[in-house]
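Worksheet: one structure, shown below.
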């Protein structure tokens with residue numbers, strides 16, 4: 001099974017929100033697609049796209065995808081205009097990524113941003129304690145990188161779904177470095 005969730009914590013303890021989503025996932029073989037609240041899928045069959053990657057690469061520790069904006073260049077499709085505010089431009093980018101790169105991956109051997117993370121419950125159970133221990137003093141910032149770091153430390157693969165592109169607002173008006181709302 002593949003579930004979709006947008007973890008959110010009123011007290012800004014994002015680990016707790018992630019952990020809750022994984023706790024309510026019934027089977028260790030199930031996958032959960034965790035999204036930031038400022039993202040949007042731009043193709044109607046996004047769930048089928050993600051399931052296709054799961055089926056093709058079931059040994060993956062964590063999947064991520066391209067985004068319209070991201071702190072990490074590896075998660076931005078080459079040629080993307082990250083400051084373009086036209087949603088139709090980004091829909092075209094999503095369709096282009098899908099038509100040209102569907103089913104293709106890129107292995108990433110470093111931390112990734114969490115605009116979209118697809119992770120299996122059994123992987124979460126394997127890395128949970130390490131993530132919890134490394135995020136006790138954190139609220140929102142850094143949770144995603146601690147998760148990806150723990151996945152790599154566990155010897156699992158992080159794979160970029162090259163045919164998947166989502167819109168990520170990521171402080172487009174405020175400036176990408178603005179973080180006051182996260183503290």
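Overview of results
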item	result
GNM flexibility winner over the chain from 115, 71, 168 (Cα, springs under 10 Å)	71
Prolate/oblate/rounded label for the stretch 23-73 (Cα gyration tensor, a/c 1.5)	prolate
Cα Rg over Rh - the stretch 43-103, Kirkwood	0.98
Whole-percent pair-distance distribution, where bins are 10 Å wide, for the alpha carbons of the stretch 98-157	21, 50, 22, 7, 0
Distance in nm between pseudo-label sites at residue 71 and residue 59 (7 Å out along the Cβ direction from Cα)	3.1 nm
Between the stretch 1-78 and the stretch 83-158, the Cα center-to-center distance that results, in Å	7 Å
Beta bridges by DSSP in the chain, antiparallel share as percent, to the nearest 5	55 percent
The chain: most fluctuating residue of 85, 60, 145 per GNM, C-alpha cutoff 10 Å	85
Estimated 222 nm signal from helices in the chain, with DSSP H stretches of n ≥ 4 weighted -39500 (n - 2.57), rounded to 500	-10500 deg cm²/dmol
The stretch 2-182: mean projected area of Cα convex hull, nm²	9.7 nm²
Along principal axes, Cα extents of the stretch 1-105, largest first, whole Å	38, 35, 24
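We did not get these values from a lab; they are worked out from the coordinates using the rules stated. None of these values were measured; they are calculated from a predicted model. All Cβ positions, glycine included, derive from the backbone under ideal geometry; neighbour counts span all protein chains shown.
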